Structure formats: C-alpha cells, structure tokens
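See structure below.
The values are calculated or read from the model by the stated rules, or taken from the named source; none is laboratory data. Given the structure is predicted, the values throughout are model-derived calculations rather than measurements. When we count neighbours, we look across all protein chains shown, and the Cβ atoms used for this are built from the backbone with ideal geometry, even at glycine. The area values use the complete protein model at the heavy-atom level, side chains included, leaving out ligands, DNA and RNA. Shrake-Rupley method; radii C 1.70, N 1.55, O 1.52, S 1.80 Å.
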Amino acid sequence: MDFFNDVGEGNWEAVEQFLTLHEEAVRVKSSTYGRTALHVAVSFGHLDIVEKLVNLMTAEELEIEDCDGFTAFLIAVDKGNIPMAKCMVEKNANLLSIVTDNLILPVRSAIRSGRKEMAHYLYSLTVQQQVLLENNGLLGATLIVSCIFHSMFDITTDLVRRHPHLMVAKFPGMQTPGSALAAQHTLFSSGFQLKFWQRWIYKCMYVPSQHATNDVYLNIQNEEDSTNMNKRFSILLFSIEHIYRLKVVRTQAAEILNLMCDEIKTLDEDQIIEAKLNIAIQEAAGSGNDEFIKKISKAIPKTMWTNWVLFDVFESAIRSRQPKVFSLIHGIDYKQAITRLRNSNRDTLSHVAGYIASSEKLNQVAGAALQMQRELQWFKEVESITSKGTRRSLNLEKKFPRKIFTESHKDLMIAGEKWMKDISSSCSFVGALIFTIMFTAAFTLPGGNDQNTGFPMFLDKKLFKIFIISDAISLFCSTTSVLTFLAVLTSRYAEDDFLISLPRKMILGLSTLFLSIATMMVSFCAAIALLFHKQFWIVTPIILIACIPVTLFVLLQFPLLVNIFRSTYGRSIFDRKVKNWLC
C-alpha cells in the first residue's frame, strides 16, 4: 500500500495528504504483519513522523498491537530510541505496564535487548506504578532475574531496597531471583581472582553507599557525576577502571544478598519452601558460590538444614567440581553421617567423585596428565572423609567407588600417558643434544692448550673458570634430565602415579633441562668473551642474540613447569580449616 510505503520512506507530505482524506488510516493495520503507520514509522526510525502520528492518535490507539503482539512503543523500546518512547509514554503511561504473552514488561524487554539507557529510563517510570507488585510480585521478580543475568545491578539494588519481598516471591518457574543471584558466583569475593596489586587497589577503593530516597527516579547521570573523579583517577594513573566497576557490582550484589537474607528471616518454614530457596542453594553449590550458601545458612532455620539437604549440596559441588563449596563439609561436625547417605542410584559421595568431570571443568586444567591428577585429588579428598566401610559399598550397578573411577577415567588416563610421553620424548631429545654439545666443548677449550705444559691457555682467566663451571653444570643437568625423562617413558602409568610420582619426575626433568640450557648459553657467552677480549662491538651483539633461544624456550615451556609444580606442591584447592558455618 502506497500509504505505508510513504511512511517507511519518511515522506510526510504524502502521508499528511492521505490522512487528510482518510483520517481513519492512522489506526488501520496493514495486510502484512498487521502494523499501523506508527509501527512502520518507529521501525524505520522516523522520529518526526512518529511525533506527528502520536499527536493524531488517541491514547488507546497507541496500544494497538501487530501480529506478533508488539505495540509501536515496544518496538521503540527494542530499538533503544528514547525520544520515540518518551513521546508515546507521555501520552499514554499505560504503555509501561502492557505485558506480552510471555509476561515481559517493556522495561524487561529493554534489558533483554541490551538497551541499558532505555532500561534506566523505563524503570524510573515503571517503578512508580504498582504493576511490579501485581500477582504476588511476579512481574517484579522476573524483572529482577533479567537484571541479574544482564548485570544491571543498579536497577536490581534499587528495586530490592524498595520491595525486598520480591527476592523470595512465589515463582512458577525454576529460575527464581535467589537462584539467579546464586548462579553469579563471580559477583562475590570467592568468585573472582585478582593479582596482588589488583587486590590491594580493590581494598583501597571506596564505593559510596547509595541510600534509597523518596525520589523514585533512578538518577544515573548524577551517579556518573559522583564517580567521575574516581574514574578519571583510575584511568589516568592506574588504568584500573574495571577494578572500580568490579567493586561497585560486588558491593551491590552483597547488598542484594543481605536484603534477601533479612527478608528470609521474616518467613516461616512453609514460606521458605514456597520461595524455592532449595533451588537457589543447589544453584549456588553448582556454580561454586560458597559465600551465598554461608550467608543463607544464617537466615534459614537450622532445623531445615537436614542431612539430606547437605548431601544434595555436596553432591552438586562434587559433580560440578567446586572445591570451595565442597570444603564447607569440613565445617560440619557430622560429616561422616553425610558421606554415608545415598542418592536415587544408591551412590555415596565417593561414588559421585568417581565419575569423570565435564569437559568444561577438565579443560580448566592444561594437559591430560594434570587433568587426571586433578581428578585423583578430588577422589582422594572425598575418600579421606569417608569410612572404610562406605568406600567398599556398592551402588545399584554393583560397583565400588574405585571401579567407577577407573572405568570413567580410562580414556583420560590413556590421554595423560600419551601427553607425558610426548613431552618426555621431545625434552629428552633436547637434553641429549645439549649433553653432546657440552661434552664436546669440555675437550675443545677456547684458546687451546699450552704446548709445553698442556694446560689451557686461559686457565687464569675468570671467564675461563666461568666457562668450565657452566659447562660442567650444563653437562650434569642435561644428563639428569635425560635420565629423568627416560624414567617417565618407562613408567608403569598406574592411576595413582599421576598424583605425585609422574608429576614429580616431570618437575625434576624440566627443571634440570631449563638449567642445562641456561648454563649452556652462559658457557657459550664466556667462550665468546674470551676469544674476542675487549671487542665489545662483537661480543655484545652475539651475547644478546644468544639470549633469544633461551628466552623463547623459557617463555614456551616454563609455564608448563609452573603449572605442574603448583598442581603437585602448591596450595591445595581444598580448605580443611573451614570454621563451623551452621552454628
């Protein structure tokens, strides 16, 4: 139809002429998609035409929906066009509370579309209405869930301050506001890792507390102004604006959790069950959010923390390989009783630990052998708190925990063996090459020997002594490295060997190999310096070039040594000194 084409092209003169003859056309739907002229103008972004069409339409006509159930206002929201949305909502504020068939408010649609400025604008108006509290706060709760998943914690914090009961509102779905918050483990102190200097700056940064006021408008501009100096300071001096933002979000998440806990304390056991807090606790266990679990434990009555509830928590932690959550079992006096419980498959916690972790969790550890080591660490940790009788118990499949571990990790063990043999073969070749070079260099001395005495010509030179000492160290280290890697190649590769024995050999082999390479280059540089005495224009470039292969090899292989050492002798991923958190 030419009328709708003119609207799409932005030809207001033609549109105005047509409307003069056919006033009812302003509310007529097109044959395709069922859109009005206002829908079309919004879709094509013609603000001037939108404003003029809104003036010609009644407030009720702005609520006309297309075939997809979208009003023109909702299209403007999804596009993030605030001027268009503003001109429509000023004429009909009811547009803010019209929900789609999926119970999605316009403000929630803006959040889901990633339109943050639009979301802030709509929230400042929507929060003044009662729509968020209707149906026992269903729409408010769903808004909180969307805000949490899209990291819009300024809106979440403001809404929870006003209506904390929304965090524990009855919810028909499985994804409650509490479970959404529990899943965001990176928002809490136990969920993100910072370097030393970043932790220091993080602690020193001050985030002002924002108290709720009678003004329902969320003044984002004022908030930005109040932190502008702090942000400029971060950008110009330390380039750590992201640390400040992290602290802001962390502070907001902590406040939301505290408000939620305060609200939980006002509920009885039946209301707690209706709020589906068990789902939130399970979500926290699976995502590694131990801080959430400890906070909630202080709000929920102790009588509700039964052995079965705790068993479900630790079972989820083991399956998801969340060491911080599982370490909470050491803060319980009756952990032996929990390890004796069984799930529907009659699996104890030891059986559960025997199943291989998901590929996502395995890939967090570099190298198949180290992945096997991490799996053994998990299995041994669970076994350490399990009685001997429980370790020998059978599940429904008539399998012991150890048998489950062996069967489920068979492929990983083969991959780990291949991984170690490949590294050992490559490194032993390098070690043998270094051994050959240094053995030859020991009898081919720089400057030769004195024909009369047979002693080296540079025997009294300090550089010659450096040459001999570094040559000997490189020779001995390369020999040790080759023999160590040979021991790795001929190992039996039993399951338990991946825990300590094989990693220890790899550490020794790689360490001596690095040392042999370094001392070989020192020996080479000393020989060059002897031969070209005081000719720095020759010696200096050669020494600098000689450092390149050593540096390259260290950069490529040294992280592997560090990873193996940390995984074997570093701080345990489990904390056995957890205090009693259920008291």
Checklist line | Cα-centre dipole for the chain with unit charges at Cβ (Lys and Arg positive, Asp and Glu negative), debye to 20 | finding: 4040
Margin query: Just to confirm, what accessible area per residue do you get for the chain at 1.4 Å probe, in whole Å²?
Written below: 51
Check: With a sphere of radius 13 Å drawn around the Cβ of Ile256, what net charge do the other residues whose Cβ falls strictly inside it have (Lys, Arg +1; Asp, Glu -1)?
Finding: -2
Checklist line | Global geometry of the range 76-150, whether rounded, prolate or oblate, following the gyration tensor of its Cα atoms and the 1.5 cut on a/c | finding: oblate
Next item on the list: Quick one: grab the alpha carbon gyration tensor of the range 492-583, order the square roots of its eigenvalues as a ≥ b ≥ c, and give me rounded if a/c is under 1.5, else prolate or oblate depending on whether a/b is larger than b/c.
Entry: prolate
Note to self: Can you compute 3J(HN,Hα) from phi for each residue in the range 371-381, using the Karplus curve 6.51 cos²θ - 1.76 cosθ + 1.60 with θ = phi - 60°, rounded to whole Hz and x for Gly and Pro?
What the structure shows: 5, 5, 4, 5, 5, 5, 4, 5, 5, 5, 5
Notebook entry, point to check: How large is the helix-only mean residue ellipticity at 222 nm for the chain, computed as the sum of -39500 (n - 2.57) over DSSP H runs with n ≥ 4, divided by its residue count, in deg cm²/dmol to the nearest 500?
Noted result: -19500 deg cm²/dmol
Item checked: Counted charge near Ala110, where neighbours are those whose Cβ lies closer than 12 Å (Asp, Glu -1; Lys, Arg +1) -> +3
Check: To the nearest 10 Å², what's Lys86's accessible area with a 1.4 Å probe?
Finding: 90
Next item on the list: Quick one: accessible surface of Thr71, probe radius 1.4 Å, all protein chains present, in square angstrom to the nearest 10.
Entry: 10
Next item on the list: Evaluate the distance, in nm, between pseudo-label points positioned 7 Å from the Cα of Lys388 and of Asn345 along their respective Cα→Cβ axes.
Entry: 2.8
Notebook entry, point to check: For the range 323-368, what does the alpha-carbon gyration tensor say about shape, rounded, prolate or oblate, given a ≥ b ≥ c as the root eigenvalues, a/c under 1.5 as rounded, and a/b over b/c as prolate?
Noted result: oblate
Notebook entry, point to check: Top to bottom by accessible area (1.4 Å), largest first, where do Arg108, Arg402 land?
Noted result: Arg402, Arg108
Next item on the list: Could you pull out the pairs from Lys116/Lys294; Lys335/Lys388; Lys86/Lys116; Lys298/Lys579 whose alpha carbons sit more than 22 Å apart here?
Entry: Lys116/Lys294
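If I take every Cα pair under 8 Å that is 6 or more residues apart in the chain, average their sequence separation and divide by the length, what percent do I get for the relative contact order?
It comes to 9 percent, rounded to a whole number.
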Check: Which of the aspartates and glutamates could a cross-linker bridge to Lys398, judged by Cα under 20 Å and excluding same-chain residues fewer than eight apart?
Finding: Glu315, Asp347, Glu383, Glu407
Next item on the list: Summarise the accessible area of the range 466-583 (1.4 Å probe, protein heavy atoms) by the percent that is carbon and sulfur.
Entry: 73
Notebook entry, point to check: Can you give the accessible area of Glu495, probe radius 1.4 Å, in Å² rounded to 10?
Noted result: 30
Next item on the list: Please tell me the relative contact order of the range 1-128 in percent, rounded to the nearest whole number, where contacts are Cα pairs under 8 Å and at least six residues apart.
Entry: 18
Item checked: Angstrom value of the Kirkwood radius, inverse mean 1/r, which spans all Cα pairs in the chain -> 30.1
Checklist line | Ranked order, Phe553, Phe439, Phe514 - accessible area, probe 1.4 Å, largest first | finding: Phe439, Phe553, Phe514
Next item on the list: Keeping every protein chain in place, order Thr348, Thr480 by accessible area at 1.4 Å, biggest value first, i.e. largest first.
Entry: Thr480, Thr348
